[in-house]
Amino acid sequence: MNSKSIAYGLLRAIGIVLGIILLLYFLYEIQSVLVYIAIAGVISLIGRPVVIFLKHKLKIPNQLAVIIVLLLVLAIFIGIIFVFVPIIIEQSKYLGQIDIEAFKSDLNELNNQINAYLGVEEINIIEGLKRSEFVRNFDVSIIPKFLNNVFGILGATLVAVFSILFISFFLLKDSKLMLNSILVFANHGEEKKFQRVFNKIKILLSRYFVGLTMQVTVLFILYTILLSVFEINNPIAIAFICATLNLVPYLGPVFAGILMALFVISSNLGADFQTIILPKLAYVMLGYGICQVIDNLISQPMIFGASVRSHPLEIFLIILIAGLLFGITGMVVAVPFYTALKVIAKESLSEYKIVKRLTRDL
């Protein structure tokens with residue numbers, strides 16, 4: 001090997017490394033677009049069965065069926081806004097009219113009742129807040145910056161919604177659009193294998209995301225009924241937040257339970273802790289526990305068993321590892337990503353015993 005060949009090899013290696021770095025930088029810069037595509041892909045996976053139903057059962061043209069599905073998605077998004085905006089406006093008015101001294105009195109009274117009930121040394125909540133670093137270092141000048149950020153978020157949200165709906169329209173309209181894009185990377189003669197893998201992944205993930213949508217919907221209905229029965233303020237908004245938190249495996253239900261408990265306490269601030277707040281909190285938490293039992297025994301087995309076809313212990317370990325490596329985001333995307341890897345492994349590495357074992361139900 002002469003010096004010319006060595007130099008050429010080094011330059012080629014450096015070029016490849018620089019190309020990878022530039023690609024990663026480019027992907028980092030357009031990460032918002034990638035998120036839009038990912039969300040649009042999820043919408044298309046959930047909406048595709050509806051489009052097929054409208055086309056085959058109701059004989060509606062493909063393009064019109066896609067528009068109907070996207071209008072349903074937009075209606076859900078607008079419905080969520082209409083649920084939360086009046087609450088935010090109402091709370092803003094409430095904050096403007098609130099009697100600070102009465103609020104302090106109610107908060108300290110609740111603190112005293114809890115301390116007396118638990119038999120612990122009295123802790124003054126207001127004094128604790130005053131001594132906190134956040135309150136002592138609070139800068140009023142951040143309020144204009146906060147308002148600017150709010151308007152910036154609203155503008156970005158509108159762009160995101162339009163972009164997601166636009167991309168979703170074409171993904172739903174042409175079911176082979178994503179497949180044709182992926183086939184570009186297939187070697188000559190391997191197109192059928194790529195197509196087989198893609199279709200299998202699409203079917204499994206479609207079932208998975210439809211199952212998740214059903215799970216959140218069922219929990220939303222159960223939470224709304226529970227909170228309405230016990231006359232908690234803004235039951236629909238609280239139920240939606242808590243049901244959505246369940247998308248985060250294992251940790252989500254814990255956070256949702258804590259959040260629901262806080263809302264129960266805040267809705268009854270000023271009432272007697274032992275005779276009103278504590279019994280109501282206990283009943284709501286009991287109802288929340290029953291909802292979780294229904295979800296764990298019915299909804300989740302249906303999703304993880306019938307859709308992704310993986311053992312519960314297998315799913316638990318994958319979510320745990322993804323959470324340790326990538327945090328909450330990793331836990332959310334762990335199951336669909338692992339499912340796609342299993343399908344690819346079955347097609348490409350089926351000669352290995354461990355792959356056969358893990359993919360025997362696919």
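Key figures for this structure:
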quantity	calculated
Packing-based ranking, highest mean first, of 256-267, 331-342 given that Cβ atoms within 10 Å are counted	331-342, 256-267
Under 5 Å, built H, 5+ apart or other chain: amide partners of Val248	none
Residue-span extension gain [Ile344 to Arg12] - 0.36 nm each, minus C-alpha spacing	116.5 nm
Solvent-accessible area per residue, Å², over segment 201-243 with all protein chains present [probe radius 1.4 Å]	43 Å²
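The values are calculated or read from the model by the stated rules, or taken from the named source; none is laboratory data. From a predicted model like this one, the values you see are computed outputs, not experimental measurements. Quick reminder, even Gly has a Cβ in these numbers, built from the backbone with ideal geometry, and neighbours come from all protein chains shown. Each accessible area value is taken on the protein alone, full model and side chains, heavy atoms only, with ligands, DNA and RNA left out. Shrake-Rupley method; radii C 1.70, N 1.55, O 1.52, S 1.80 Å.
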